[in-house]
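The values are calculated or read from the model by the stated rules, or taken from the named source; none is laboratory data. Please read all numbers here as calculations on a predicted model, not as lab measurements. With ideal geometry, Cβ positions are generated from the backbone for all residues, glycine too; neighbour counts draw on all protein chains shown. These accessible areas exclude ligands, DNA and RNA; they are computed on the full protein's heavy atoms, side chains included. Shrake-Rupley method; radii C 1.70, N 1.55, O 1.52, S 1.80 Å.
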Amino acid sequence: MLSEGIVIKANGEFITVGVKRRTACDTCRADCKGGHCDKVETVETVVKNTLDAKVGDRVRLYTNTSTVMVFAMTVFMLPMIIAAACFAIPYFLGAGITASAIIATLGFVLSYALIWLIHRNRKSYDTIKLYDITERKND
């Protein structure tokens, strides 16, 4: 998966790249003047500067598609699976629907805490790579 952004910080061997969320543009009716819309949220990510990019350069980033799918499954499917299990197990052990629903809700919320704990020490530069520089600031 390729995405494009602008280098906003350079710090030694790492750079911070601001990437605009393209999916937000799908339903927007604003005139974006070639994709440079101020209404779209910018997500910042840190990557290793393997191509000597400078602040202001437009770069492309690469993420393996399977990595994106695993992250999506973790964030969207894992909480649902945990909530379903937290409902079914107490219910079949004799707890009522209300108690099972409360336990399922707690399981759903706690699953996001688990995801946060797993991913808090992961660095974006482990999974996102600098692919190329599409435009130098001083060109």
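Mind listing whichever residues of the range 61-81 are touching a residue at least 40 places away in the same chain (Cβ under 8 Å) and among the aliphatic types (A, V, I, L, M)?
Matches in the range 61-81: LEU61, VAL68, VAL75.
Just need a number here: residues in the range 40-60 that are free of Cβ contacts under 8 Å to residues at least 60 places away in the same chain and of a type in the set (Ser, Thr, Tyr).
Of the residues in the range 40-60, 1 are free of Cβ contacts under 8 Å to residues at least 60 places away in the same chain and of a type in the set (Ser, Thr, Tyr).
With the condition kept exactly as written, say whether any residue in the range 65-75 is at pLDDT 80 or above, touching a strand residue (DSSP E or B) at 6+ places or on another chain (Cβ under 9 Å) and either part of a loop (DSSP other than H, G, I, E, B) or exposed (fewer than 13 other Cβ atoms within 10 Å of the Cβ) (or both).
no
Is there any pair linking a residue in the range 103-124 that is open to solvent by 70 Å² or more (accessible area, probe 1.4 Å) to one that is in a helix (DSSP H, G or I) and modelled with pLDDT under 85, with Cβ under 9 Å and at least six apart or on different chains, and which?
Correct list of pairs: ILE118/THR74.
Take the residues of the range 1-33 that are open to solvent by less than 100 Å² (accessible area, probe 1.4 Å) and among the polar types (S, T, N, Q): which is modelled with the highest pLDDT?
Residue satisfying both the conditions and the ranking: THR16.
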